[in-house]
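The structure appears right after this line, and notes come after that.
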Amino acid sequence: MNDDSGFQPIYPAQPPKPERPARPQIWKYVLTVLISVLITFTLTAGAGVLLFLGYSASQETGSDLGLPLDDDPETLAALAKLRAIYDQVDLNYFEDLTDAQMLEAMARGLVDELGNRYTMYLTAEENQQIAESMSGNYSGIGAIVAMNQDSFVEITEVIADSPAEEAGLQVGDLFTKVDGEDVTGFKDVSSVAALVRGEEGTPVGLVIYRPSTAKYVEFTVTRRKITNVSIAYRMLEDGLGYIMIRDFSSGVAANFIAAVQDLEAQGAKHLVFDVRNNTGGYADEVISMLDFLLPSATIATIKGRSDGKAYEKSWTSGASMGVSADMRYAILINGMSASASELFSGCLRDNGKAWLIGEQSFGKGSGTITIELSDGSAINLTNFLYYLPGGDCIEEIGLTPHEEVTLPEDAAGISISRLTLKQDTQLKAAIDYLKTID
């Protein structure tokens, strides 16, 4: 590790918030979405290209293009404008682009400019990275990151015994360069992930900005196979158990249920669930976990749109519970607890089972579907809002903890899993709360 004092910081210790963040996200490196439903969708790309290139504003309509467009004057004017832009780029852009490249740019623009931060176009490479990450196995450095509120890629957790931890990377570090390429202007986490990932055993050069010291630091980290353990648990004291849920990736529900059962066998009467820095995962995993913890109850009400029609439905748990009806929970949340974490925490809160401790959560109360296209690329579309059992929609609001507790300054830069009980004032508050329950 070398101090890179030759760089002049492009932002101070507290990076300025861009006036208009481009595709702001809080997705962690695994790019989890609250609800990620994979749909196979085949496009007849050849026919689409031919129809578009044959467009003439004065002769053809939306129907002639093979698109379900109205033939009103406003729509025809917009089509004519699009054709004019296409022609100007084709004739005057400094690079000679193929038609396929231009249509790819149009596809990305159509989705990315809808004005919703979670709706976006994914290349085939980005889509594949999501699938690999959600499986919990990949070759990389073992740093969990998110696009923070200021649109910088920030490390939120360093996996224990990973190359990242061994190299000295810390929670709160911000990526600025990867193998010499400036990534401060990148619009999404997946683009940075594509550079950091690579073949096992190969080195990756990083330049990070460390706000705690207001300095840039260079690292060379050797990639390894990473198995991201989504669940970590242990007994605490006085009949209390602790479960850290790092994400809601594939298979986490089964591991969670096994952890709860093991802690119960060891004498746990009440549990602490830690979803700090957990930015989401698969809905079916969350539902399975809540079904295990709850009697017959409402998990959430969904209001959205599908196949051109509005719909509303409820997610519910079954009558049988996997735990004692007397078991209660303290849930630790912070500003990077989002989407699936908020559904999990809010549902248990509203069903009278959990006490929330920590800081205001992020506020993602919407769901997306991931629609895979024939070439491996995909689009993430926000298609519903969810409402907690108490009726709240937390989109852009988040969950307010029952008990607000912040971590001390000496905990900055330390992974949650490495905090001592003295440093982890939020966990200490959870233990104190659960001790008051008979």
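If the viscosity is 0.890 mPa s and the temperature 25 °C, what translational diffusion coefficient in µm²/s does Stokes-Einstein give for segment 364-438 when Rh comes from Kirkwood over Cα pairs?
Calculated translational D: 150 µm²/s.
Below 11 angstrom from the Cβ of GLY376, what's the summed charge of the other residues (Lys, Arg +1; Asp, Glu -1)?
-4
Rounded to whole Hz and in sequence order, give me ³J(HN,Hα) for segment 281-295 from the Karplus expression 6.51 cos²θ - 1.76 cosθ + 1.60, θ = phi - 60°, writing x for Gly and Pro.
So the Karplus estimates, Gly and Pro as x, are x, 7, 5, 5, 5, 4, 4, 5, 5, 5, 4, 6, 8, 10, x Hz.
Please compute, for the alpha-carbon atoms of segment 325-383, the extent along each of the three principal axes and give them in descending order in Å.
Principal extents (Cα only, largest first): 50, 26, 16 Å.
Excluding residues fewer than 8 places away in the same chain, name every one of the aspartates and glutamates whose C-alpha is closer than 20 Å to that of LYS81.
Partners within reach: GLU60, ASP64, ASP70, ASP71, ASP72, ASP90, ASP99, GLU104, ASP112, GLU113.
P(r) of segment 124-199 in 5 Å steps, Cα pairs, percent per bin?
So the P(r) values, bin by bin, are 3, 16, 27, 28, 21, 6, 0.
What does the charge count around GLU359 come to, taking other residues whose C-beta lies under 9 Å from its C-beta (Lys +1, Arg +1, Asp -1, Glu -1)?
0
How big is the equivalent ellipsoid of segment 217-321 along its three axes, where each semi-axis is √(5λ) from the Cα gyration tensor, reported in whole Å from largest to smallest?
Semi-axes (√(5λ), whole Å): 29, 25, 11.
For segment 297-364, what is the convex hull volume of the alpha-carbon atoms per residue, in Å³?
Each residue corresponds to 105 Å³ of Cα convex hull volume.
May I ask you to derive the FRET efficiency for LYS81 and GLU218 from their Cβ-Cβ distance with R0 = 45 Å, giving the value to the nearest 0.05?
0.45
Tell me, in nm to one decimal, what length is gained between SER374 and SER417 on full extension, where the rule is 0.36 nm per residue of separation less the Cα-Cα distance?
Extra length available between SER374 and SER417 comes to 11.4 nm.
Just for the Cα atoms in segment 231-435, what are the lengths along the principal axes, largest first, rounded to whole Å?
Sorted largest first, the three principal extents are 54, 41, 33 Å.
How big is D for segment 85-125, in µm² s⁻¹ as a whole number, if Stokes-Einstein is applied with the Kirkwood radius of its Cα pairs at 4 °C and 1.567 mPa s?
This corresponds to a translational diffusion coefficient of 113 µm²/s.
Cα atoms only, segment 268-329: Rg and Dmax in Å?
Radius of gyration, then largest Cα-Cα span, for segment 268-329: 14.6, 49 Å.
Where the centroid of each part is defined by its Cα atoms, how far is segment 356-403 from segment 338-353 in Å?
Taking the Cα centre of segment 338-353 as reference, the centre of segment 356-403 is 12 Å away.
What's the percent breakdown of Cα-Cα distances in segment 100-235 across 5 Å bins, shortest bin first?
Pairs per bin, as whole percents: 2, 9, 18, 22, 19, 13, 10, 5, 1, 0, 0, 0.
Please compute the net charge surrounding TYR311, taking Lys and Arg as +1 and Asp and Glu as -1 over other residues with Cβ under 15 Å from its Cβ.
Local charge sum for TYR311: +2.
FYI, it's all coordinate maths here, none of it is from the lab. All values derive from a computational prediction rather than experimental measurement. We place every Cβ from the backbone using ideal geometry, glycine too, and count neighbours over all the protein chains shown.
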